[in-house]
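J.: Sharing a structure here in C-alpha cells format.
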Amino acid sequence: MRPITYLRATDTATAVAAVSSDPTSDFLAGGTTEVDLLRQNVLNPRRLVDINELPLTGIEGTEEGGLRIGSLARMSEVAAAPVVRERFPLVAQALELGASAQLRNMASMGGNLLQRVRCSYFRDAHSACNKREPGTGCSAIDGFSRGHAVLGTSEHCIATHPSDVAVALMALDTRVHTMGPSGERAYPINDFFLLPGDSPHREHPLEHGELITEIEVAPTPLARRSLYLKVRDRESYEFALVSVAAAMSVADGRIVDVRMALGGVATKPWRAERAEDFLIGATIMRDNFAMAARVEMAAARPTPMNAFKVELAQRAIVRALDMLSNGTGTASASGSESGSPS
Ligand SMILES: Cc1cc2nc3c(=O)[nH]c(=O)nc-3n(C[C@H](O)[C@H](O)[C@H](O)COP(=O)(O)OP(=O)(O)OC[C@H]3O[C@@H](n4cnc5c(N)ncnc54)[C@H](O)[C@@H]3O)c2cc1C
Ligand code: SF4
C-alpha cells in the first residue's frame with residue numbers, strides 16, 4: 001500500500017505552488033486518467049492536488065466569434081454549449097464521440113489534452129517502455145502495434161495520441177493558456193504536443209506544476225462548415241483507429257480555404273498541412289480529395305500490423321471531404337460517421 005496525501009486547492013496560485021514545489025505531486029481534475037494510472041502503478045504520486053474548486057469552468061463565445069473554454073469545463077458541458085455547436089461543430093462532435101456519457105461528465109478539457117497514451121505496454125508496469133521509463137526500449141515496435149501510429153513516429157516510440165478533441169482543436173487556431181511557477185504562458189496548439197523523437201517521455205512543453213487554465217480558439221468562420229469523423233472498432237466507448245477533423249469553405253466549385261487534422265494515426269494530433277496545401281484552389285472533385293489524402297499519408301511509416309491504417313486514413317479523408325462538400329454531417333454536432341454518440 002502506498003500512502004497518498006490529498007490537498008483541495010481553492011485558488012490557482014496555491015494549486016500551482018503546491019505541485020511545482022513538490023516533484024511527487026500531481027494535479028487531479030476528473031481523475032479518469034490519473035486514478036486509472038495510479039491504480040496500475042504507472043503513476044506514483046505521493047500527493048494529489050485537487051483542482052476541481054478552481055474557477056476555471058467557463059465556456060464563452062468571444063465577441064469576435066471565437067471561444068474561451070476553462071480547463072475545468074467538462075467534456076459534456078462543452079459539447080452541449082450552443083456557442084460551441086454553432087461556431088465549431090467539429091469540436092462538439094469530437095467531444096460527443098469520445099469515451100462514454102459517464103466519463104464525459106467527469107472528464108475536464110485540460111485533463112483531456114494531458115491524458116496519457118493507450119499503448120498497453122505503457123500501461124503495464126512490467127513491460128519495457130521508453131515513455132514510462134526512458135532508456136528501457138519500446139515493446140510495441142516488435143510487439144502488438146495494431147492501434148499504434150504511422151505518422152510522427154520514432155525508433156523510440158510509436159504510441160498514438162489518444163485525444164479526440166485535441167484533433168479538432170489542432171485544425172483550428174487554438175492556444176493553450178497556462179499558469180506556472182514562471183508565470184502565465186500561451187502555447188499555440190501546434191507547439192503544445194511534442195513528437196516522441198528520442199525523448200518520448202516528454203509529451204508537452206509544460207513545467208512540473210504548470211496548470212492549464214484556458215483553451216482559446218480564435219474566430220474561424222469556415223469552422224461553421226466542419227465535422228469530426230471517427231472510425232473505430234465499435235460504435236461507442238472506443239478510441240479512434242482513424243479520425244478526421246475538417247472545415248472547408250467553397251466558392252464557385254473551388255476550395256477557398258480548408259483546415260484538416262488527423263487522429264488515431266499519429267503520435268500527436270496531426271495537422272494535415274500537405275493535404276491542405278494541395279486542396280486550396282482545387283475543384284470540388286473526389287479525385288482531388290483522393291490525391292490530397294495520398295499526399296498527406298505518403299510520409300506514413302507503418303508496422304506490418306498497422307499498415308491498414310494508411311488506406312483507412314485515406315478513405316476517411318475522402319469521406320470527410322465528400323461529407324463537407326455535400327453538406328452532410330455539418331448541420332449539427334450529432335450527424336457523425338460512426339453512428340450515434342456514445
Ligand atoms: C475507458 C475510457 C475511454 C476513453 N475514451 C476516450 C475517447 O474515446 N476519446 C478521448 O478523447 N478520450 C477518451 N478517454 C480519456 C478521457 O477523455 C480522459 O481520461 C479525460 O479527458 C481526462 O480528464 P480528467 O479531468 O479526468 O483528467 P485527470 O485524470 O484528472 O488528469 C489527467 C492528467 O492531466 C493532469 N491535469 C488535469 N488537469 C490539468 C490542468 N488543468 N493543468 C495541468 N495538468 C492537468 C493530471 O495531473 C493528470 O496527469 C477515455 C478514458 C477512459 C478511462
Ligand atoms: S510505443 Fe511508446 S508508449 Fe508504447 S511501449 Fe513503445 S515507448 Fe512505450
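The values are calculated or read from the model by the stated rules, or taken from the named source; none is laboratory data. Being a predicted model, the structure only gives us computed values, none of them experimental. Virtual Cβ from ideal backbone geometry, glycine too; neighbours counted across all protein chains shown. The accessibility values were calculated without ligands, DNA or RNA, using every heavy atom of the protein model including side chains. Shrake-Rupley method; radii C 1.70, N 1.55, O 1.52, S 1.80 Å.
J.: Mind telling me which of the residues Ser127, Ser145, Ser120, Ser108 ends up being over 16 Å from Arg202 (Cα atoms) and open to solvent by 40 Å² or more (accessible area, probe 1.4 Å)?
T.: Ser120
J.: On to the next question. Looking at the stretch 157-188 only, could you name the residues that are among the aliphatic types (A, V, I, L, M) and either assigned by TED's automatic domain parsing to the domain that holds Val19 or surrounded by 18 or more Cβ atoms within 10 Å (Cβ to Cβ) (or both)?
T.: Selection gives Ile158, Ala159, Val165, Ala166, Val167, Ala168, Leu169, Met170, Ala171, Leu172, Val176, Met179.
J.: Going by the conditions given, is Ser163 assigned to a loop (DSSP other than H, G, I, E, B) and within 14 Å of the chain's Cα centre (by Cα)?
T.: Yes, satisfied.
J.: Confirm whether Arg39 is away from ligand 2 (no atom under 16 Å from the Cβ), surrounded by fewer than 20 Cβ atoms within 10 Å (Cβ to Cβ), without any contact (Cβ under 8 Å) to a residue 12 or more places away in the chain and more than 22 Å from Met179 (Cα to Cα).
T.: Yes; evaluated as a whole, the condition is true for this residue.
J.: Does Leu114 satisfy being within 24 Å of Tyr187 (Cβ to Cβ), within 16 Å of ligand 2 (Cβ to nearest atom) and open to solvent by 10 Å² or more (accessible area, probe 1.4 Å)?
T.: yes
J.: Scan (1) within 19 Å of the chain's Cα centre (by Cα); (2) over 15 Å from Ala29 (Cβ atoms) for the single condition Arg116 breaks and write down its number.
T.: (2)
J.: Filter the stretch 59-75 down to residues that are out of contact with any Asp or Glu (no Cβ under 8 Å at 6 or more places or on another chain) and over 30 Å from Lys131 (Cβ atoms) and give me whichever is nearest to ligand 1 (Cβ to nearest atom). Reasoning before the result, please.
T.: Narrowing the stretch 59-75 to residues out of contact with any Asp or Glu (no Cβ under 8 Å at 6 or more places or on another chain): 60-65, 72-75.
Cutting the leftovers down to over 30 Å from Lys131 (Cβ atoms) gives us 60-65.
Values: Glu60: 17, Gly61: 21, Thr62: 21, Glu63: 26, Glu64: 25, Gly65: 25 Å.
Checked the stretch 59-75; the qualifying residue nearest to ligand 1 (Cβ to nearest atom) is Glu60.
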